[in-house]
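So the structure is just underneath, and the comments pick up after that.
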Amino acid sequence: MINDAHCHFFSDGFFSALAYQRGRGEKPADLTKELGWEEPGSAERLADRWVRELDEHGVSRAAIMGSVSRDEAVIAEAVAKHPTRLAGFFMIDPGAADAVERTRRGLGEFALRAVCLFPAMHHVPLHDGRVYRILEVTAGYPGRAVFVHCGVLSVGVRPKLGLASRFDARLGNPLELQPLALAYPSIPFIVPHFGAGLFREALMLADTCENVFLDTSSSNRWIRYTPGLTLDAVFRTALDVVGPSRLLFGSDSSFFPRGWQKGVYDEQKRVLDGLKMSAGDQALIFGGNFERLFVDRSS
Ligand SMILES: [Zn+2]
């Protein structure tokens, strides 16, 4: 079984936001045409597109992440269309005036599974009181997680469209997450891409906080920041420090027609086979840990 803990749901609203930022009066379709990507259409249509893609690759479930603030209603619609296949994640800018209200609605009324924070993008430090307010709300909804992008942040579509990325990587240090993870032990925190360049810090965090998970997603190009580092060594070290029950396989798939990034899965499978990891431990990383976090057995 494969469950993918990291996919992006590039909705019409996502492209609308990019079109707005570019300031040329364009429509979402103008951007997708320029990119050579499929138009997403409605939430339900894009949800269907995703599930067809998952079926094609034998993927049981995927977390779909709203990739722009204020997209939670769209994510909820997509999940409602395929509740057994999709788990909804939504982005919150803690600096927004209605952030607390939107978090409550996303986790409650919309029953989404994770709040996604991007401190380097939203310029709100993790130790800021506005972040704590989001966590306070989240702690009131058992079974919900908080995803925190740390390390180097790149949103590939932005440079393709000539949009600047005024990110501040200083705000994405995994160590900044430690007091939060310790203050809210009931909340699972997910750090994607093994910390995206801050691998050592992500390991230090996960080693000291049992509620921290690392996702394995993307091509992990951050590896080139450390001379000689390989994906094999990354997995071996992560397994040694964190163990197999707190690693979540993710692909970081996003747009169509490219679709699901099978190459990411194939490479990680090759690495884990090469490490002679047992089938049981691999099953945790590729699916079991996701099930434990995001699938309600009661319903
Ligand atoms: Zn991603």
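No lab work stands behind these numbers, since they all come straight from the coordinates. Because the structure is a prediction, the values reported are computed rather than measured. For neighbour counting, all protein chains shown are included, and Cβ atoms are generated from backbone atoms with ideal geometry for every residue, glycine included.
For the chain, what is the charge dipole size about the Cα centre, in debye to the nearest 20, if Lys and Arg each add +1 at the Cβ and Asp and Glu each add -1 at the Cβ? Mind showing how you got there, number by number?
Details: 34 positive and 36 negative charges, 60 e Å.
With Lys and Arg at +1 and Asp and Glu at -1, about 280 debye.
Test of the criteria: in the range 100-172, which GluC sites (Glu not before Pro) are in a DSSP loop and have at most 14 other Cβ atoms within 10 angstrom of their Cβ?
Working: sites: Glu101, Glu109, Glu136; in loops: Glu109.
Those satisfying the criteria are Glu109.
Given R₀ = 45 Å, what would the calculated FRET efficiency be for Arg24 paired with Glu210, taking r from the Cβ atoms and rounding to 0.05? Kindly include the intermediate steps, with their values, before the conclusion.
Details: r = 49 Å, r/R0 = 1.08.
Result of the calculation: an efficiency of 0.40.
Looking at the square roots a ≥ b ≥ c of the eigenvalues of the Cα gyration tensor of the range 180-299, which shape do they give, rounded for a/c under 1.5, prolate if a/b is larger than b/c, or oblate? Walk me through the numbers before you get to the answer.
Values: a/c = 1.39, a/b = 1.12, b/c = 1.25.
It comes out rounded by the Cα gyration axes.
Fewest to most neighbouring Cβ within 10 Å: what's the order for Arg70, Arg270? Present the calculation step by step, with values, prior to reporting the outcome.
Working: Arg70 16, Arg270 12.
Fewest to most other Cβ atoms nearby, the residues stand as Arg270, Arg70.
Would you mind calculating the relative contact order of the chain from Cα pairs under 8 angstrom and at least 6 residues apart, reporting the percent as a whole number? All intermediate terms of the calculation are to be shown ahead of the outcome.
Numbers: 554 pairs, mean separation 55.7, N = 299.
Dividing the mean separation by the residue count of the chain yields 19 percent.
Counting pairs of alpha carbon atoms under 8 Å apart in space and at least six apart in sequence, what relative contact order in percent does the range 43-91 give? Let's see the in-between values first.
Numbers: 67 pairs, mean separation 22.2, N = 49.
With pairs under 8 Å counted, the relative contact order is 45 percent.
Roughly what would the spin-label model give for Ala169 and Glu38, points 7 Å off Cα along C-beta, in nm?
Between Ala169 and Glu38, the simple spin-label model gives 3.4 nm.
With unit charges on the beta carbon (Lys/Arg positive, Asp/Glu negative), name the residue among Gly140, Pro119, Pro227 whose Cα is farthest towards the positive pole of the charge dipole of the chain.
Pro227
Run the reach check for Lys262 against lysines, Cα to Cα strictly under 30 Å, same-chain hits fewer than 8 apart removed. What comes back?
Leaving aside lysines fewer than 8 places away in the same chain, those within reach of Lys262 are Lys33, Lys81, Lys160, Lys276.
Once you place label points 7 Å from the Cα toward the Cβ at Arg200 and Arg70, how far apart are they in nm?
4.2 nm
Can you pull out the trypsin sites (Lys or Arg not before Pro) in the range 161-209 whose DSSP state is coil and whose Cβ has at most 11 other Cβ atoms within 10 Å? Walk me through the intermediate numbers first.
Working: sites: Arg166, Arg170, Arg200; in loops: Arg166.
Filter output for the range 161-209: Arg166.
Let a ≥ b ≥ c be the square roots of the eigenvalues of the Cα gyration tensor of the chain; is it rounded (a/c under 1.5), or, if not, prolate (a/b larger than b/c) or oblate? Please list the in-between numbers first.
On the way: a/c = 1.30, a/b = 1.17, b/c = 1.10.
Taking the square roots of the gyration eigenvalues as a ≥ b ≥ c, the chain is rounded.
If you rank Cys150, Cys209 by fewest surrounding Cβ atoms within 10 Å, what's the result? List each step's numbers first, then the result.
Values: Cys150 30, Cys209 20.
Ascending number of Cβ neighbours within 10 Å: Cys209, Cys150.
Can you work out the Karplus-derived ³J(HN,Hα) for every residue in the range 224-238? Use 6.51 cos²θ - 1.76 cosθ + 1.60 with θ = phi - 60°, whole Hz, and x for glycine or proline.
6, 6, 10, x, x, 5, 10, 5, 4, 5, 4, 5, 4, 5, 4
Which residues in the range 135-158 place their backbone N less than 16 Å from a point set 7 Å from the Cα of Val241 along the Cα-to-Cβ direction?
150-152
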